[in-house]
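Here's the structure, in structure tokens; my notes come after.
The values are calculated or read from the model by the stated rules, or taken from the named source; none is laboratory data. Keep in mind it's a predicted model, so treat the numbers as computed, not measured. Every residue, glycine among them, receives a Cβ derived from its backbone with ideal geometry; neighbour counts consider all protein chains shown.
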Amino acid sequence: MRTLIVSALLFLIAGASAVPAAGDRGTPVFAVVMTRHGVRSFTKTPAEYRWPDWSPVAPGYLSAHGYTLMSYLGRYYRQYFSSIGLPMGCTTGGTYVYADLDQRTLETGRALIDGACGSPQALPLYHAATTGAGTSDSLFDGADWLIPAGKVDTAASRAAVAAVAPNPPGAIVTQHAAEFAALQALLDARCSGSCAPANGGPSDITAKPGALAELRGPLDAGSGYAESLFLEQAECAPAIDSTKLAMAMRLHVLAYDVNARNAYNPLVKGGNIFAHIVGLLEAKAGRPHPDVSVPDVARMNVVVLSGHDTQLGALGGILDAHWGLGNGLVADDMPPGGALVFELYRLRDDSYRVHVHFVYETLPQFRSNAAIAGGIAISPVTMPGCDGSDCNLPLAQFAALAHRLAQRGFVQHDWTKASDTPSDLAPLGDPVWSHC
């Protein structure tokens, strides 16, 4: 189902040199963490069936439990980066935290600072200077500026979706009958009256003029149902069959494979954030990237970007990167708090390489408010040109790919004008049914 991204493959394989062994990575000099926000409420209650009331947590908001889990990740990052010689420096300016404008991403940034430094006020939390209703930060999702600017090739997007979707698209239901059956078994327990089956209705590749195409229908609906069920479990709802839930979550990953990991859509959504991540790495290596501007990283060891699964899915598509998850989680999923970590190493010949891995919390960790020993997990990442044991590629290859994306018009040069003015955030809470 997955299709290799041609531009990424050409640049990541062309001229690839031998991959150093783990002990030969060189000297760590910098890291960028691209994290998804923590556990949130439903952004929109799914249609039909019975779904819990998340009150007092507003739609799409980080819960108090989600904040706690992200603080554990902050503690982990402090310990991990210190262990490899990159202290986060809560009092020395060694860490820069930048968040998207949503409550869940801002609170995630605060929670990471809290866990790493002992207080959410220990470090500034930066975000776009322009805030308020109707605003967005195009650093995180390129579609926010490419679509209004008329720079999205809808035909190319439709072709990219069609290339990875079955023909006819409706065959997706029969090809993944077992996953739909597992999902339906979980949904049937909450059906009051007549509920349309999750695998019903037509499957179509649709797009508004000038926008990105998507495969809509049972896969789209099933993905939403599965994620909603997972979020309930992550918020400590009464336990359900974890095997069936894992099978249902394969539909969520499959929807990303088709709609967000194809040969065009991830370039629109993630080309800008990818180029700026590369720009941060190059700036630290003393080689400012010509296509982007970034904050001054001279005194920084770690940059944390608090965003969404949108960015992780797009980066996975751009790089053809894959990660395996355990403990009831599905390979290539992007659970709350999951993060791609890009570590920059300097070799003895003064060249630079980038090591990539995926950090996540396990299912037992999600369902507890206590820091569980071994609860933070690390998955190797596989990409063209490296194996899963130590994905470690030349910085120059990432830079070449970022430059190509800029040439194709997917990259804005400037970093969003940043502010550390505290946001007026509502008090955190949990739904009454949460028993972590």
Original post:
Which residues, counting only those in the stretch 342-352, are at negative phi and either over 20 Å from the mean Cα position of the chain (by Cα) or surrounded by fewer than 21 Cβ atoms within 10 Å (Cβ to Cβ) (or both)?
Top reply: Tyr345, Arg346, Leu347, Arg348, Asp349, Ser351, Tyr352
**OP:** Please find, within the stretch 149-168, the residue that is surrounded by the fewest Cβ atoms within 10 Å (Cβ to Cβ) out of those that are out of contact with any Lys or Arg (no Cβ under 9 Å at 6 or more places or on another chain) and more than 19 Å from Phe410 (Cα to Cα).
**Re:** Asn167
Subject >> Odd one out for Asn369, checked against (1) part of a loop (DSSP other than H, G, I, E, B); (2) modelled with pLDDT of 95 or more; (3) in contact with a Ser or Thr (Cβ under 9 Å, 6 or more places away or on another chain) >> reply: (2)
**OP:** Output the number of the condition that Ile113 fails; it satisfies all remaining conditions of (1) free of Cβ contacts under 8 Å to residues at least 40 places away in the same chain; (2) buried (at least 19 other Cβ atoms within 10 Å of the Cβ); (3) assigned to a loop (DSSP other than H, G, I, E, B).
**Re:** (3)
Original post:
Among Leu267, Leu231, which is the only one that is crowded, with 24+ Cβ neighbours inside 10 Å and either in contact with a Lys or Arg (Cβ under 8 Å, 6 or more places away or on another chain) or basic (Lys, Arg) (or both)?
Top reply: Leu267
Subject >> Thr43 assigned to a helix (DSSP H, G or I), touching a residue at least 12 places away in the same chain (Cβ under 8 Å) and of a type in the set (S, T, N, Q) >> reply: no
Original post:
Which residue pairs have Cβ atoms closer than 7 Å, lie 6 or more positions apart in sequence or on different chains, and pair a first residue in the stretch 350-373 that is in contact (Cβ under 8 Å) with a residue 24 or more places away in the chain and under 13 Å from Pro28 (Cα atoms) with a second residue that is outside any loop (DSSP other than H, G, I, E, B) and hydroxyl-bearing (Ser, Thr, Tyr)?
Top reply: Tyr352/Tyr345; Arg353/Tyr345; His355/Tyr345
Original post:
If you take the residues of the stretch 198-228 that are closer than 24 Å to Gly142 by Cα, in contact (Cβ under 8 Å) with a residue 24 or more places away in the chain and in contact with a strand residue (DSSP E or B) (Cβ under 9 Å, 6 or more places away or on another chain), which of them is surrounded by the fewest Cβ atoms within 10 Å (Cβ to Cβ)?
Top reply: Ala207
Original post:
If you check Thr35, Thr91, Thr27, which single one turns out to be among the β-branched types (Val, Ile, Thr), out of contact with any Phe, Trp or Tyr (no Cβ under 6 Å at 6 or more places or on another chain), surrounded by fewer than 19 Cβ atoms within 10 Å (Cβ to Cβ) and touching a residue at least 40 places away in the same chain (Cβ under 8 Å)?
Top reply: Thr27
Original post:
Which of (1) surrounded by 24 or more Cβ atoms within 10 Å (Cβ to Cβ); (2) out of contact with any Phe, Trp or Tyr (no Cβ under 9 Å at 6 or more places or on another chain); (3) of a type outside the set (Asp, Glu) is the odd one out, the single condition Pro290 does not satisfy?
Top reply: (1)
Original post:
Can you tell me which of Ala189, Ala213 is over 30 Å from Val303 (Cβ atoms), of a type in the set (A, V, I, L, M, F, W, C) and either at pLDDT 95 or above or under 23 Å from the mean Cα position of the chain (by Cα) (or both)?
Top reply: Ala213
Original post:
What pairs come up if the first residue lies in the stretch 265-276 and is farther than 9 Å from Gln311 by Cα, the second is among the basic types (Lys, Arg) and outside any helix (DSSP H, G or I), and their beta carbons are under 8 Å apart, counting only those six or more places apart or on different chains?
Top reply: Leu267/Arg408; Gly271/Arg408
**OP:** Give just the number: which of (1) buried (at least 22 other Cβ atoms within 10 Å of the Cβ); (2) modelled with pLDDT under 95; (3) hydrophobic (A, V, I, L, M, F, W, C) does Ala377 not satisfy?
**Re:** (1)
